[in-house]
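*Asks:* Quick one: this structure, given as structure tokens, is what I'll be asking you about.
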Amino acid sequence: MDGRSKFLSLTRAILLSLLPVAELRGGIPAALLIGTNPLLAYAVCVIANLAVVPLVYIFLGYIHHHLMAVSIYKQTFPRFMEKTRKRLHHKIERWGYFGLTLFVAIPLPVTGAYTGTLGAWFFGMNKLKSFLAIALGVSIAGLIVTAMVLIGNRTYSIFLTSL
């Protein structure tokens, strides 16, 4: 694969890492499967995935502010928010930022940076501390995904050579 093709493939991996559903769980495998250095794939996809956190905070604040002008939203959402916060207060107090890190670190659908940021915003957690917790979680998830892809590729190679 020539340099231009690798660049385009790495760009696709970055774009996958920016998407809400795929995040780095899609970006890292895409980068590794085209032969990108594992360290480069990990770093680029983690950075791309973390780039969305401040944007999601801004987006949520903006949308919430504008939706407060809609009467049904203004009547229902704050009550829903308050009831949910009260119901889960003990869990948030107990697990806090560590729980946020663990939640984001699990490389499954809907447990990434987007959902972690949504949860931190919803529960009114400190933005900087939340970002650090999410960053640690994304880094751990990236390590897990990278390891799984590398182990899977190696296992597949061993299986093919033994046939």
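The values are calculated or read from the model by the stated rules, or taken from the named source; none is laboratory data. Note that this is a predicted model, so its numbers are computed, not measured. All Cβ positions, glycine included, derive from the backbone under ideal geometry; neighbour counts span all protein chains shown.
*Asks:* Does residue 29 fit the bill of being assigned to a loop (DSSP other than H, G, I, E, B) and touching a helix residue (DSSP H, G or I) at 6+ places or on another chain (Cβ under 6 Å)?
*Replies:* Numbers: assigned to a loop (DSSP other than H, G, I, E, B): no; touching a helix residue (DSSP H, G or I) at 6+ places or on another chain (Cβ under 6 Å): yes.
When the stated conditions are applied, residue 29 does not pass them.
*Asks:* For region 104-163, what are the residues that are farther than 17 Å from residue 16 by Cβ, in contact (Cβ under 8 Å) with a residue 40 or more places away in the chain and aromatic (Phe, Trp, Tyr)?
*Replies:* Of everything in region 104-163, those that are farther than 17 Å from residue 16 by Cβ, in contact (Cβ under 8 Å) with a residue 40 or more places away in the chain and aromatic (Phe, Trp, Tyr) turn out to be 121, 122, 131.
*Asks:* Now a separate question. Which of the numbered conditions does residue 30 fail, given that it passes all the others? Conditions: (1) surrounded by fewer than 18 Cβ atoms within 10 Å (Cβ to Cβ); (2) without any contact (Cβ under 8 Å) to a residue 60 or more places away in the chain.
*Replies:* Residue 30 satisfies all of (1) surrounded by fewer than 18 Cβ atoms within 10 Å (Cβ to Cβ); (2) without any contact (Cβ under 8 Å) to a residue 60 or more places away in the chain except (1).
*Asks:* Going by the structure shown, is residue 69 more than 12 Å from residue 114 (Cβ to Cβ), assigned to a helix (DSSP H, G or I) and either free of Cβ contacts under 8 Å to residues at least 12 places away in the same chain or in contact with a Leu (Cβ under 8 Å, 6 or more places away or on another chain) (or both)?
*Replies:* On the way: more than 12 Å from residue 114 (Cβ to Cβ): yes; assigned to a helix (DSSP H, G or I): no; either free of Cβ contacts under 8 Å to residues at least 12 places away in the same chain or in contact with a Leu (Cβ under 8 Å, 6 or more places away or on another chain) (or both): yes.
So residue 69 fails the test.
*Asks:* Can I ask one more? Being more than 28 Å from residue 128 (Cβ to Cβ) and of a type in the set (A, V, I, L, M, F, W, C) narrows it down to one of 33, 39, so name that one.
*Replies:* The unique qualifying residue is 33.
*Asks:* Residues of region 33-66 being in a loop (DSSP other than H, G, I, E, B), exposed (fewer than 15 other Cβ atoms within 10 Å of the Cβ) and in contact (Cβ under 8 Å) with a residue 12 or more places away in the chain, which ones? Let's see the steps before the verdict.
*Replies:* So in region 33-66, the residues in a loop (DSSP other than H, G, I, E, B) come out as 34-37.
Filter again for exposed (fewer than 15 other Cβ atoms within 10 Å of the Cβ), leaving 35, 37.
35, the sole residue that qualifies.
*Asks:* Now for a separate question. Looking only at residues in region 8-61 that are of a type in the set (Ser, Thr, Tyr) and more than 17 Å from residue 114 (Cα to Cα), which one is modelled with the highest pLDDT?
*Replies:* Taking region 8-61 first, the residues of a type in the set (Ser, Thr, Tyr) are 9, 11, 17, 36, 42, 57.
Still in the list and also more than 17 Å from residue 114 (Cα to Cα): 9, 11, 36, 42.
On the way: 9: 86, 11: 94, 36: 93, 42: 98.
The residue in question is 42.
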